[in-house]
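Have a look at the structure below before the remarks.
The values are calculated or read from the model by the stated rules, or taken from the named source; none is laboratory data. Please read these numbers as outputs of a predicted model, since none were measured by experiment. Every residue, glycine as well, gets a Cβ built from its backbone with ideal geometry; the counts of neighbours run over all protein chains shown. Calculation scope for accessible area: heavy atoms of the full protein, side chains included, ligands and nucleic acids excluded. Shrake-Rupley method; radii C 1.70, N 1.55, O 1.52, S 1.80 Å.
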Amino acid sequence: MAAVEAAWEAELEQRVRSLPVPRHIAIIMDGNGRWAQQRGLPRVAGHRAGADALRDVVRAAGELGVAYLTLFAFSTENWRRPPEEVDVLMKLLEEYLERECDELVAAGVRLKSIGRIEALPAPARDALRRAEDRTRGGDRVTVVLALNYGGRSEIVDAARRLCRMALAGGLDPASLDEDVFREALYTEGIPDPDLLIRPGGEMRVSNFLLWQLAYAEIWVTPVLWPDFRRRHLLEAIADYQRRERRFGGLSPRG
Ligand code: FPP
């Protein structure tokens, strides 16, 4: 059985590699709690297993030629969870960054973060800054961790930034257009996602990259994030490669 699955995955990978892969993939890493619950384990065991899935998917994305991978790791709403769970998530982030940093550097990963990072606990924030510094030269794949991130807060923060610039005389409101606004977002300089993957089966965007996802293709799977592996990434990309993206225009096929 394992051999049949391996052969199927190899064939799928060959097909995926023969066509253009999405330049930017965004993932909402959902289902950790349910994964743990199904096994009679505490929710935090699901988050630990989720960190293993993250390792696998980061490696696969780099190998497949995906240039940007953005992962929703902690939302502005996640502070509402029990403090012990928030604590474990912050520690997991710290552990992940310290343990994986060498491998990230070796794999050509450049790590970045988006969100209200200044509000994270100091040890997590410091680990993040260290990892960002150490991976600064990565030129294969940019991995963006969304932490204390909310799509609406991002838009509000961008509006504040632009207002400050206008008040200081550095921006004429009449020249404000989509291109100027985009560059005031946390994702400044990063192209919009082509594909949004949501494990865990929910059909929602959940306040993730509200501006940037305007034309993204969406792929939802019932597979829970801790079970998500390279083959699921391949399935999502293969599905994306069959889609026709029109960006509001008409099909070239008429
Ligand atoms: C949502 O699952 C997931 C999170 C709130 C956290 C995602 C974090 C990880 C994958 C851990 C590793 C991350 C890093 C950066 C090391 P949920 O708990 O809402 O699941 P549920 O919907 O089944 O309850």
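Computed over protein heavy atoms with a 1.4 Å probe, the carbon and sulfur contribution to the accessible area of the chain reaches 52%. For residue 66, neighbours were defined as the other residues whose beta-carbon sits under 10 Å from its Cβ, and their charges (Lys and Arg +1, Asp and Glu -1) total 0. Counting only whole DSSP H helices of the chain, the ones at least 15 Å long by C-alpha along their axis and with mean Kyte-Doolittle hydropathy no lower than -0.5 are 2-17, 43-64, 83-106, 151-167. I need the shape label for region 102-250. Rule: rounded when a/c is under 1.5, else prolate if a/b > b/c, else oblate, with a, b, c from the alpha carbon gyration tensor. Since a/c reaches 1.5 but b/c is at least a/b, the shape of region 102-250 is classed as oblate. According to the Cα-based calculation, Rg over Rh for the chain is 0.98, with Rh computed by the Kirkwood formula. The residues of the chain expose, per residue, 52 Å² of accessible area to a 1.4 Å probe. Alpha-carbon geometry of region 133-191: the Rg and the Dmax are 14.1, 40 Å, given in that order.
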